[in-house]
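Undergrad: Got a structure here, written out as structure tokens. Questions coming.
The values are calculated or read from the model by the stated rules, or taken from the named source; none is laboratory data. Since the model is a prediction, treat every value here as computed from it, not as a measurement. Here the Cβ is made from the backbone with ideal geometry for all residues, glycine too, and neighbour counts use every protein chain on show. What goes into the accessible areas is simple: the full protein's heavy atoms, side chains included, and nothing from ligands, DNA or RNA. Shrake-Rupley method; radii C 1.70, N 1.55, O 1.52, S 1.80 Å.
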Amino acid sequence: VCGLILLVFSAMNLQDLRLIYGALMLYGCARAFTGPALQSLLPQIVPREQLASAIATNSVIMRCSTVGGPLIGGYLYWLGGAELTYSGCVAAFIAGILLLARVATPYAGKLVDLSDSAWSRFTAGIAFIRSRPIILGTISLDLFAVLLGGVVALLPIYAHEVLNLGPQGLGMLRASMSLGELATGIYLSVRPLD
């Protein structure tokens, strides 16, 4: 929906930042729900003994997406502007939704005892995180990285003002950040941690 909104804004040449930020805020709110939901899908479709390898393989696929997506987006913008880029984004989201609808979840009932209340499951999750300081530290670090932004927010300015790059150069800069993660993910999919 947000991709369609931005596509309409581009087609109508609407450049009001309030509208664009409103669409991005809607997208951020949607991601707050879809991210955890999609992360919980893998244990529902893979047997427990194959889960470590599946997580590593999924990480590789996600890293390939974070490398390929910005590259493709930068070149689409360079070739056809915002309309072509948003059209490709909307088409990819629709394809993803259609493919995701076909995924069976044979292990879904074995994960959580749904007879417990939502509050007891929530407090059990908090207790689990508090009992493992490494998880609490990782989540806290990620929270501060997200809240305080990062280098990604500065890449468009850096690409334009310092390096004098166009949209395809920005796509390359954006994609290059995931190459280390991709290499690690490939390694872990072949040699998972036990």
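Undergrad: Could you work out how far apart the two model spin labels at THR34 and ILE129 are, taking each label as a point 7 Å from the Cα in the direction of the beta carbon, and quote it in nm?
TA: According to this spin-label approximation, the distance is 2.3 nm.
Undergrad: If you stretched the chain out fully between VAL151 and LEU42, how much longer would it get, using 0.36 nm times the residue separation minus the C-alpha to C-alpha distance?
TA: Values: separation 109, 0.36 × 109 = 39.24 nm, distance 2.97 nm.
Here the answer is 36.3 nm.
Undergrad: What's the carbon and sulfur percent of segment 1-115's accessible surface, probe 1.4 angstrom, rounded to a whole number?
TA: 69
Undergrad: Per residue of segment 177-183, in order, report the coupling 6.51 cos²θ - 1.76 cosθ + 1.60 (Karplus, θ = phi - 60°) as ³J(HN,Hα) in whole Hz, putting x for Gly and Pro.
TA: Whole-Hz 3J(HN,Hα) from phi for segment 177-183: 5, 9, 5, x, 5, 5, 4.
Undergrad: In deg cm²/dmol, rounded to 500, what helix-only [θ] at 222 nm does the chain give when every DSSP H run of at least 4 residues adds -39500 (n - 2.57) and the total is split over its residues?
TA: That calculation yields -25000 deg cm²/dmol at 222 nm.
Undergrad: Please turn the phi angles of segment 126-139 into ³J(HN,Hα) values with the Karplus equation 6.51 cos²θ - 1.76 cosθ + 1.60 (θ = phi - 60°), one per residue in order, whole Hz, x for glycine and proline.
TA: 5, 5, 4, 5, 5, 7, 10, x, 5, 5, 4, x, 5, 5
Undergrad: Could I ask something else about it? In Å², what does the accessible area per residue of segment 36-98 work out to with a 1.4 Å probe?
TA: Per-residue accessible area for segment 36-98 comes out at 63 Å².
Undergrad: Note the full-extension length gain between PHE93 and TRP78 as 0.36 nm times their separation in residues minus their Cα-Cα distance, in nm to one decimal.
TA: Result for the pair: 3.3 nm of gain on full extension.
Undergrad: Follow-up. What do you get for Rg/Rh over segment 153-194 if you use C-alpha atoms and the Kirkwood form of Rh?
TA: On the way: Rg = 14.8 Å, Rh = 11.8 Å.
Radius of gyration over Kirkwood radius for segment 153-194 works out to 1.25.
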